[in-house]
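What follows is a set of notes on a single structure, which appears directly below.
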Amino acid sequence: MLKAIVIQMMIEDGNVKHNLKRLEKFIELTEGDIYLTPELSLTGFKGLLSEDEVLKMAGNLPCVGLGFRERDGDKKYNTYLISCNGKLVYKRRKHMLFKPMQEHEELEKGGLPEPFELKGIRLAVNICYELRFPELFWPLSKDVHAFIVPAAWPKERIKAWRSLVRARAIENFVYVLGINRWGKGIFGPFGGNSLGVYPNGNEIMLSSGEGIAAIEIDPSIVTKAREFPAFGDRIMLMRSGVSAYHFHIG
């Protein structure tokens, strides 16, 4: 099993030192195998960091998921990486950029999500807006036990956030951990309501304000949930070519 700690926190756009210190205080509150923070948890929507700078900052931290606006040469990305004591375990750059927040004007598209393993648990990351696209989840669902979804999801659309996190867990029979930013900021206010949803639809959820929640990812629960016929039937449906249907629009 893997004990994941979801950290719902306020983020100051452009104030990396403040955000890092705030994160460190949350980590001191409880023990876990991995600590997960919201989208752009280090930089917010201002400033840029290189991968090396982030790993150096994380040198004294346990396994942690960190979000930041990445500078790589002359290109910029919305990036989320997993670091364990300053060593890179996994890095994901956001593929589906969100136009209302002007991401498409400044940032480059990253690649599609791929799975990685931590302490025997298979995980994958989809970032914020990507939650709206089940096509980014289903191809990996047979290979992972849990999806991590860091987000900066505005308060005005928080009902959609809760519904989509639940839907991605239930339809894929996996854990989905949605880690959302809370409070004021550029493009905010942000709505919190971070939640961990089990493969059977049960959940642990935070509401407003800052806070933490723990959820243990147990592969046997994923296996048990998939005894329900819908998982196998969906595989058969996709293999039958239903995804190849063409719909005429307009």
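No lab work stands behind these numbers, since they all come straight from the coordinates. Since the structure is predicted, the reported quantities are computational estimates derived from the model, not experimental observations. Positions of Cβ are backbone-derived with ideal geometry, glycine not excepted, and every protein chain shown enters the neighbour counts.
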Here the percent of antiparallel bridges among DSSP beta bridges lying wholly in the chain, to the nearest 5, is 70
Given pairs 17/91; 87/155; 17/94; 99/224; 155/224 and cut-off 31 Å on Cα-Cα distance, the over-length ones are 87/155; 99/224; 155/224
Extension length gain for residue 60 and residue 25 (0.36 nm per residue less Cα distance), in nm, is 11.3 nm
Summing -39500 (n - 2.57) over every DSSP H run of at least 4 residues in the chain and dividing by its residue count gives a helix-only mean residue ellipticity at 222 nm, to the nearest 500 deg cm²/dmol, of -6500 deg cm²/dmol
Per the beta carbon screen (other Cys under 4.7 Å), unpartnered cysteines of the chain come out as 128
Mean separation of Cα contacts under 8 Å (at least 6 apart) over the residue count of the chain, i.e. the relative contact order in percent, is 19
Most packed first (mean Cβ within 10 Å per residue), the peptides 149-160, 36-47 order as 36-47, 149-160
Restricting to aspartates and glutamates and to Cα separations under 17 Å from residue 56, and discarding same-chain partners fewer than 8 apart, the set is 24, 70, 72
Answer in debye to the nearest 20: the dipole magnitude of the chain about its Cα centre, from +1 Lys/Arg and -1 Asp/Glu charges placed on Cβ, is 320
If 207, 141, 220 are placed from fewest to most neighbouring beta carbons inside 10 Å, the sequence is 220, 207, 141
